[in-house]
Amino acid sequence: MNRPASRFCRASEPAGEMRAVVLIVDDEQDVLNALSRVFLEIDAEILLAGNAEQALEILRSREVAVLVSDNCMPGKSGVELLSLARDLAPDALKILMTAYADLDMVIASINRGDVFRFVVKPWDNKTFFEIVDEALSRYRLLRSLKEGDEATILSLAQMIELKDPYTHGHCARVAGYALAIADALVADERFKKYLQYGSWLHDCGKVGIAEKILNFNGPLNPMEYKEIKRHPILGAEVVRQARLPSTVVNVVLYHHERFDGQGYPHGLRAGDIPLEARIASVADVYDALTTDRPYRGGVSERKARKILSGLRGSSLDPELVDIFLRLEYGSLTGVNQHE
């Protein structure tokens, strides 16, 4: 089947406004029509293509934020298309549709970095919309990080917090606590600058996590917890793509590793965890203890310090905990109100 690519935009799209582009590729017109309706209200311009060659033509001429492709098509398959798109649209988030869950194929594509998510046909409209909307958010975050300065990075971190109202101000407080530890270590200014950036952005991977999980008022089930545990990897991928320094990447990727090796995502232990991530972990845990969360209230500064001391050598670096506990409370930013 070889028909011209088509263009679909929301009726409410302001004339001349540059908007993110979602490109949907499928050889069945009925599928394209159905997906046009699914994404009618999404904040993006929707482009449609009937095969991989048409999609590649669009990728050569337009900046595409999200590429959604069926896998089984005449000519090049969706997997082949997404692989070719790496060079033409390196920042685009790629989503593979398949009529059957060929896990070996999907896992191989994910490992190569070709696929962000996959959707099995027949799809659930709400879930599909949420996946593409999250991909758009991640794309916008990446583009802003690439183009932004220090003020932009902080602003982005604060925008990320809007997904979880319980973490309002969290990134700034974590950065303040982390810098206090770095000052006690007499770290150099470059290290402190990137530690601050990493602390601001440490939870940026939550852009890819459903809000219903982030804001769930109670214990998470194993599948939900597994989803939450993806956020360091998702965040590190974005920060790495934005070409921010390795110190920033390390904070985002490793801030949930534990000193005893029982953390995630890689189970690193002790000195194998970069110093900047060990510092951010102490700061992150302290702020989590002293602020309200959906599943519990915050504790007093005195009780938080006692809990922190009990985590020496298990969750947290004992030397860094000792440094933090020696700091005068009034010298730290983000004083909590749970006294």
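Here the Karplus curve 6.51 cos²θ - 1.76 cosθ + 1.60, taken at θ = phi - 60°, turns the phi angles of the range 60-70 into couplings of 6, 10, 10, 7, 9, 7, 9, 10, 10, 9, 5 Hz, with x standing for Gly and Pro. Where the centre of each part is set by its Cα atoms, how far does the range 251-286 sit from the range 81-99, in angstrom? With the range 251-286 and the range 81-99 each reduced to a Cα centre, they are spaced 32 Å. Around the amide H of Leu47, modelled in the peptide plane, lie the amide H atoms of Phe8, Val22, Leu23, Ile24, all under 5 Å away and 5 or more residues distant in sequence or on another chain.
Given their separation in residues at 0.36 nm each and the Cα-Cα distance between them, Ser314 and Met223 gain 30.3 nm when the chain is fully extended.
Pairs over the 21 Å Cα-Cα cut-off, from the set Lys146/Lys226; Lys192/Lys226; Lys212/Lys303; Lys206/Lys303; Lys193/Lys303; Lys126/Lys206: Lys146/Lys226; Lys192/Lys226; Lys212/Lys303; Lys206/Lys303; Lys193/Lys303.
Only the coordinates and a few stated rules stand behind these numbers; no lab work does. Just so you know, these numbers come straight off a predicted model, no measurement behind them.
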